[in-house]
Amino acid sequence: MKPWLGIWRTAVAQQVLTVYENGRQIDYSFADLMKYHGPSFPGGVAHAFKVMERAFPLLAPDGYLERREIEIDTSFRGPGGRDAFEMVTRVVSREEYHVDPGLGERWADGTHRENYFFRLKYRGSEVELIIEPGHIRDEFYRLGAKKERTVDEDIHLNWLKQEMTDWLMALDARAVYAPVER
């Protein structure tokens with residue numbers, strides 16, 4: 001094992017998202033979200049984790065968020081993100097999770113940023129986040145959108161998914177997602 005890998009895994013293991021349900025604290029780690037989602041789309045789970053990690057302190061500076069009062073609008077269509085948001089906030093089952101690919105159109109600049117826009121609402125507060133440039137490889141997006149892939153392309157796409165997951169989870173959420181300036 002590479003020496004830095006153990007340090008990275010320890011840091012990721014210590015990252016948790018905290019929400020409340022009827023006043024009772026619930027903590028979710030990235031590993032918890034991956035167990036719920038499964039292995040197919042780890043990058044989407046990592047994106048959702050970073051969005052929540054970035055947005056929660058902005059929505060509730062005191063750290064208290066009742067999970068069933070959070071709403072999410074996004075341009076992100078990935079099932080990993082949807083599952084991660086559902087596990088932490090129950091937005092999908094409450095029908096408070098809305099996907100609209102057009103929400104991020106103003107960031108369409110050839111870097112695919114428009115697909116990574118998130119609006120979270122909580123008790124009258126709202127925060128909009130957009131991914132910072134440089135976190136999505138063109139190759140990942142191109143290969144993921146390809147209708148018919150070879151076995152080698154599928155293997156490479158899975159490697160790209162894991163690479164993105166590792167990259168995102170190693171970064172502070174503030175380096176990945178920025179609040180939208182109005």
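So the values come out like this:
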| item | result |
| --- | --- |
| Any hit, region 59-71, residues being on the phi > 0 side of the Ramachandran plot, modelled with pLDDT of 95 or more and of a type outside the set (Phe, Trp, Tyr) | no |
| Subset of region 78-96 (residues that are touching a residue at least 12 places away in the same chain (Cβ under 8 Å) and in contact with a Lys or Arg (Cβ under 7 Å, 6 or more places away or on another chain)) | 88, 89, 90, 94 |
| In region 147-165, the residues that are within 15 Å of the chain's Cα centre (by Cα) and either among the aliphatic types (A, V, I, L, M) or buried (at least 17 other Cβ atoms within 10 Å of the Cβ) (or both) | 161, 164, 165 |
| Flag for residue 129 being of a type in the set (A, V, I, L, M, F, W, C), on the phi < 0 side of the Ramachandran plot and in contact (Cβ under 8 Å) with a residue 40 or more places away in the chain | yes |
| Some residue of region 78-95 being over 15 Å from the mean Cα position of the chain (by Cα) and closer than 16 Å to residue 178 by Cα | no |
| Hey, residue 123 farther than 17 Å from residue 164 by Cβ, touching a residue at least 40 places away in the same chain (Cβ under 8 Å) and crowded, with 19+ Cβ neighbours inside 10 Å or not | no |
| Residue 49 vs. criteria in contact (Cβ under 8 Å) with a residue 40 or more places away in the chain, outside any helix (DSSP H, G or I) and either within 20 Å of residue 135 (Cα to Cα) or over 14 Å from the mean Cα position of the chain (by Cα) (or both) | no |
| Among the residues listed as 41, 76, 49, the single one being closer than 21 Å to residue 122 by Cβ, touching a Gly at 6+ places or on another chain (Cβ under 8 Å) and of a type in the set (Phe, Trp, Tyr) | 76 |
| Residues being closer than 25 Å to residue 31 by Cβ and of a type in the set (Ser, Thr, Tyr) - total across region 128-182 | 2 |
| When residues of region 71-96 are limited to those that are closer than 15 Å to residue 37 by Cβ and acidic (Asp, Glu), the one surrounded by the most Cβ atoms within 10 Å (Cβ to Cβ) | 83 |
| Residues satisfying the stated conditions in region 14-64, i.e. over 22 Å from residue 119 (Cα atoms) and among the aromatic types (Phe, Trp, Tyr) | 36 |
| Long-range neighbours under 7 Å by Cβ, at least six apart or interchain, first residue touching a residue at least 24 places away in the same chain (Cβ under 8 Å) within region 135-152, second surrounded by 13 or more Cβ atoms within 10 Å (Cβ to Cβ) and of a type in the set (A, V, I, L, M) | 135/168; 135/176; 137/160; 140/160; 140/164 |
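The values are calculated or read from the model by the stated rules, or taken from the named source; none is laboratory data. Small disclaimer: the values here were computed from a predicted structure and weren't measured. Note that we place each Cβ from the backbone using ideal geometry, even for glycine, and neighbour counts take in every protein chain shown.
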